[in-house]
Amino acid sequence: MLCLGIETSCDETALALVENGRLTASILSSQADVHALFGGVVPELASREHARLIGPLYDALGLEGRAPDVVAFARGPGLLGSLLVGAGFAKALALGFGARIIGINHLHAHLLAAGLEEPLRFPALGLLVSGGHTHIYRIESPQRFILLGTTLDDAAGEAFDKVGKLLGLPYPAGRLIDELSRSGRVVSGMFRPPYIDNDNLNFSFSGLKTAASLYIEQHPELRQQSRNTSTAGQDTANFCASLNQVVAATLKVKFERAFQSEQGRGIRSFILAGGVAANSAVRMALRECADQAGLPLAVPSPGLCTDNGSMIAYTGWLLAKEGFAHDFGVSCIPRGTPIPDDLIRMTGTRAEENPS
Ligand code: KG4
Ligand code: ZN
């Protein structure tokens, strides 16, 4: 079974092909440079860029006349205008090819992406840390995710990006903060893990962002005069190492708490995913959790951690393999709105059996 996946939820336009569980083609164009000028993603520009890029990327993907059995697209959460570009393109292709259509939960796809590189063992405990989300899930199977904890305000990646902006780093700053942290040392007491003195599984990073911005205000020398991070001083590196460490420590506390809770019962593996899963301190913290629990930890390689089409194509393939699809009315869901559990179990393999 061949699944074409389309990702347009934020500022990456990406397509990929997964055949019988294997990634056979993948193409991506990042709009990061366009949005860097504004210090964050501009939704109107993002959808226009997706509309401009998606056709040429599809041509370059290398389908070479083959017809996909399934077309999967990221249906949300994301920027609605951007999602609609991918959804419209996907539906047109599926109609043209007579393929099934599946709208994919972008967050679930981030976590399942690890399955392209190693077998996933369910039930799994998943930590999704990206620019927009910080979620802990109990994952029963590719189609059954139970949300255990989430952020009450900023996501971990958002905190990195906002603090990075105050440091004068270009958007998105998470990767640069991580890079700078490598030549720094953690200054004890600079930051305290936020929102851990409670008994829940949620996160709150806005207090940490405020603490970091106050620190930068008191130490203006930390601000970078140029976008070139190689000129950063030792104090900036130490600041970044301390920020990295406190974010990782916070994630670890809540993840361990989830594992020890009732919802951690029978867990057979851990999964770490999302853009912030590329962070060295976060990876190390989750590795420690896995070693202590004696469980395998699946972390996608860096290219699969940030937004990509492969995770959409793979999730589409997983769901289609189990007989799931959507009808052509499948909608796009903006950030903050729950994604309905509206998959339909099909009997055949092609859209001829599709009820719409
Ligand atoms: O998953 P993703 O590509 O996009 C979504 O938000 O869905 O994640 C992007 C986020 C950005 O906030 C970026 O700064 C962060 O991931 N990020 C990192 C690193 N690499 C990317 N944050 C910390 N350390 C990194 N190495
Ligand atoms: Zn994402």
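The values are calculated or read from the model by the stated rules, or taken from the named source; none is laboratory data. Because the structure is predicted, anything quoted here is derived from the model rather than measured. Here the Cβ is made from the backbone with ideal geometry for all residues, glycine too, and neighbour counts use every protein chain on show.
On the given criteria, is LEU304 in a helix (DSSP H, G or I), of a type in the set (A, V, I, L, M), within 21 Å of the chain's Cα centre (by Cα) and modelled with pLDDT under 95? Criteria met by LEU304. Evaluated against (1) surrounded by fewer than 23 Cβ atoms within 10 Å (Cβ to Cβ); (2) touching a Leu at 6+ places or on another chain (Cβ under 7 Å); (3) among the small types (Gly, Ala, Ser), ALA159 falls short on exactly one condition, (1).
What about ALA211, is it aliphatic (A, V, I, L, M), without any contact (Cβ under 8 Å) to a residue 24 or more places away in the chain and either over 19 Å from ASP11 (Cα atoms) or in contact with a His (Cβ under 9 Å, 6 or more places away or on another chain) (or both)? Yes, satisfied. When the residues of segment 126-182 are filtered to those that are outside any loop (DSSP other than H, G, I, E, B) and aromatic (Phe, Trp, Tyr), the one that is nearest to LEU222 (Cα to Cα) is PHE160. Any chance you could count how many residues in segment 271-299 are outside any helix (DSSP H, G or I) and out of contact with any Pro (no Cβ under 7 Å at 6 or more places or on another chain)? The number of residues fulfilling the criteria is 10. In the set GLY168, GLY98, GLY132, GLY149, only one residue is surrounded by fewer than 19 Cβ atoms within 10 Å (Cβ to Cβ), over 25 Å from ALA320 (Cα atoms), in contact with a Lys or Arg (Cβ under 9 Å, 6 or more places away or on another chain) and among the small types (Gly, Ala, Ser); that residue is GLY168. Does GLY303 qualify as being on the phi > 0 side of the Ramachandran plot and either of a type in the set (S, T, N, Q) or within 16 Å of ligand 2 (Cβ to nearest atom) (or both)? When the stated conditions are applied, GLY303 does not pass them. Checked across segment 98-118, the condition of being among the charged types (D, E, K, R), more than 16 Å from ligand 1 (Cβ to nearest atom) and closer than 24 Å to PRO300 by Cα holds for at least one residue. For PHE122, the criteria (1) surrounded by fewer than 22 Cβ atoms within 10 Å (Cβ to Cβ); (2) assigned to a helix (DSSP H, G or I); (3) touching a residue at least 24 places away in the same chain (Cβ under 8 Å); (4) more than 16 Å from ligand 1 (Cβ to nearest atom) hold in every case but one, which is (2).
Among the residues of segment 282-304, those identified as touching a residue at least 40 places away in the same chain (Cβ under 8 Å), within 30 Å of LEU83 (Cα to Cα) and within 15 Å of ligand 1 (Cβ to nearest atom) are VAL282, VAL299, PRO300, SER301, LEU304. Of all residues in segment 72-119, those satisfying the criterion of being among the β-branched types (Val, Ile, Thr) and closer than 25 Å to GLY275 by Cβ are VAL85, ILE102, ILE104.
If the condition is being of a type outside the set (Ser, Thr, Tyr) and at pLDDT below 95, then segment 127-142 contributes GLY131, GLY132, HIS133. State whether the residues of segment 3-18 include one that is within 15 Å of ligand 1 (Cβ to nearest atom) and in contact with a Lys or Arg (Cβ under 6 Å, 6 or more places away or on another chain). No, there is no match, as no residue in segment 3-18 is within 15 Å of ligand 1 (Cβ to nearest atom) and in contact with a Lys or Arg (Cβ under 6 Å, 6 or more places away or on another chain).
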